[in-house]
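Inspection log for the structure reproduced underneath, given as structure tokens.
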Amino acid sequence: MFMPRSALLLIAACSAAGLLRAADGPKLGRELTPEEVRKVDITVAPDGSGLPPGSGSVAAGAAIYAQKCQGCHGQDGAGKPQDQLTGGVGSLASGKPVKTPVSFWPSATTLFDYIRRAMPISAPQSLTNNEVYAVTAYLLSIDGVVSKDAVLDAKSLQQVKMPNREGFVRWWPKLR
């Protein structure tokens, strides 16, 4: 369809005017308060910065996992119907690598961050910090990354050495 040049210029001018008006915005919403920002600013970095107070044991984690995680991730994190969380350590260089948080991720703090932020899938961020430390300890204990009697907290979680820690180019500072 042919459109006169004047019509194209008119459409372009109207569009530009509309965009300028949209940039001013409809003034919906409001700025978040510092308390609201604090509630959603829960990132834990690979170096452990952002880890909250609290602690959790492998034994407590096993009980929480059985109640809140096993239905999706299977017994001992073996998977089904959702992702496998354990196993696969040492398999990455094989013909059939098994990428689990324990076998693949370079930092245990990333596992903590993910559980805290996104699990359980039916109620994200509903676990207490103590429960997240405990579930993290339990999952890491299954593959022997931490001992069966481990208790994790902000200090000890930063010291956990993941099996594939050296499999990544480190962009975060080395831990002390």
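Miscellaneous remarks
- Three-way shape call for segment 37-113 based on the alpha-carbon gyration tensor, with the a/c threshold at 1.5: oblate
- Relative intensity, log₁₀ I(q)/I(0), of segment 112-155 from a Debye sum that treats every alpha carbon as a point, q = 0.15, 0.20, 0.26, 0.32 Å⁻¹: -0.36, -0.60, -0.88, -1.09
- Cβ-based exposure ranking for 133, 114, 65, in which fewest neighbours within 10 Å come first: 114, 65, 133
- When the pairs 39/80; 80/161; 99/161 are compared against a 25 Å limit on Cα-Cα distance, 39/80; 80/161 fall above it.
- Residue order, fewest to most beta carbons within 10 Å, for 121, 115: 121, 115
- Highest-first arrangement of 93-106, 49-62, where packing means the average Cβ count within 10 Å: 49-62, 93-106
- Taking amide H as placed 1.01 Å from N in the peptide plane, residue 55 has its amide H under 5 Å from the amide H of 130, each at least 5 places away in sequence or on another chain.
- Packing-based exposure ordering (other Cβ within 10 Å, fewest first) of 47, 143: 47, 143
- Subtracting the Cα-Cα distance of residue 59 and residue 28 from their residue separation scaled by 0.36 nm leaves 6.3 nm.
- Rounded to two decimals, the Cα radius of gyration of segment 31-167 over 2.2 N^0.38 Å is 1.04.
Here, each number is a calculation from the coordinates, and none is a lab measurement. Note that this is a predicted model, so its numbers are computed, not measured. Note that each Cβ is placed from the backbone with ideal geometry, even for glycine, and that neighbours are counted across all protein chains shown.
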